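First the structure, in the form of structure tokens, and then the observations on it.
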Amino acid sequence: MTQHTDIITMIRSAWAGAAPPLPGNISGPTDDDEGVASYFTNKPWQGHSAATLRRLGFALTVFTDEAFAYYLPAYLIADIEEPEVSDTNAAGILSRLSSFQGPAVVARLNTSQRSALRAYIAFFLERDFGPYDDKCARILRFIDNADAHV
């Protein structure tokens, strides 16, 4: 098993040069994004606490594909470092990535980012096996498909 610190290093390295979404492309069309665009506009993916990301868990449902792909490492790292504080964020990540939007988000990830996401999923499955196995398998198929088209 890859150590959780190795996965975090892998995630940080994979997203090191990622370009942030434009300020108007943080959340999709909605009547109320609950402060998601306001909070994330002009902020890098680094430096967010697990508690803040949990409070902004709604972001996982309203992020544009571009914003989701960009801020994904913040949520992954928070879940690895502080799963109790991050709480339901892992379920939100897996739900979004395993849905019909998953392929569009995964397609935005480069090879290193997809490898880091694959490592996170392996870590998650070992830690939380059971209820999310189907979602994880679906995400892994999306990653495999994206890797096949490189």
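The values are calculated or read from the model by the stated rules, or taken from the named source; none is laboratory data. Bear in mind that the values here come from a model prediction, so they are computed numbers and not experimental data. Reconstructed Cβ throughout: ideal geometry from the backbone, glycine too, with neighbour counts over all protein chains shown. With ligands, DNA and RNA removed, areas are computed over all heavy atoms of the protein, side chains included. Shrake-Rupley method; radii C 1.70, N 1.55, O 1.52, S 1.80 Å.
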(message) Quick check for me: using +1 on Lys/Arg Cβ and -1 on Asp/Glu Cβ, what's the dipole size of the chain about its Cα centre, in debye to the nearest 20?
(response) 360
(request) Within region 3-38, which residues have the backbone N less than 16 Å from the label spot 7 Å out from Glu81 along Cα→beta-carbon, could you tell me? (result) 4-16
(request) Per residue of region 135-142, in order, report the coupling 6.51 cos²θ - 1.76 cosθ + 1.60 (Karplus, θ = phi - 60°) as ³J(HN,Hα) in whole Hz, putting x for Gly and Pro. (result) 5, 5, 4, 5, 5, 4, 5, 4
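Where does each of His4, His149, His48 land when they are ordered by accessible area, with a 1.4 Å probe and the largest first?
Descending accessible area places them as His149, His4, His48.
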(request) Ignoring everything but the protein chains, give the 1.4 Å probe accessible area of Asp32 in square angstrom, nearest 10. (result) 100
(request) Report the accessible area of Arg54, computed with a 1.4 Å probe over the heavy atoms of all protein chains in place, in Å² rounded to the nearest 10. (result) 80
(request) Work through the residues other than Phe58 whose Cβ is under 14 Å from its Cβ and net out their charges, Lys, Arg +1 and Asp, Glu -1. (result) -2
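Within 10 Å, at most 16 other Cβ atoms, and a DSSP state outside H, G, I, E, B define an exposed site. Report the longest part of the chain free of exposed chymotrypsin sites (Phe, Trp or Tyr not before Pro). Before the final figure, lay out each step's value.
Details: sites that count: Phe58, Phe100, Phe129.
Looking at the chain, 1-57 is the longest stretch - no exposed chymotrypsin sites (Phe, Trp or Tyr not before Pro) with at most 16 other Cβ atoms within 10 Å.
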(request) With unit charges on the beta carbon (Lys/Arg positive, Asp/Glu negative), name the residue among Pro44, Ala59, Pro29 whose Cα is farthest towards the positive pole of the charge dipole of region 1-59. (result) Pro44
(request) Pop a pseudo-label 7 angstrom from the Cα along the beta-carbon direction at both Phe58 and Arg138 and give the gap in nm to one decimal. (result) 2.4
(request) Quick one, can you get me the convex hull of the C-alpha atoms of region 22-90 expressed as volume per residue in Å³? (result) 74
(message) Skipping prolines and chain starts, which residues have an amide H placed within reach, meaning under 5 Å, of the one on Ser27, given they are 5 or more residues away or on another chain?
(response) Thr64
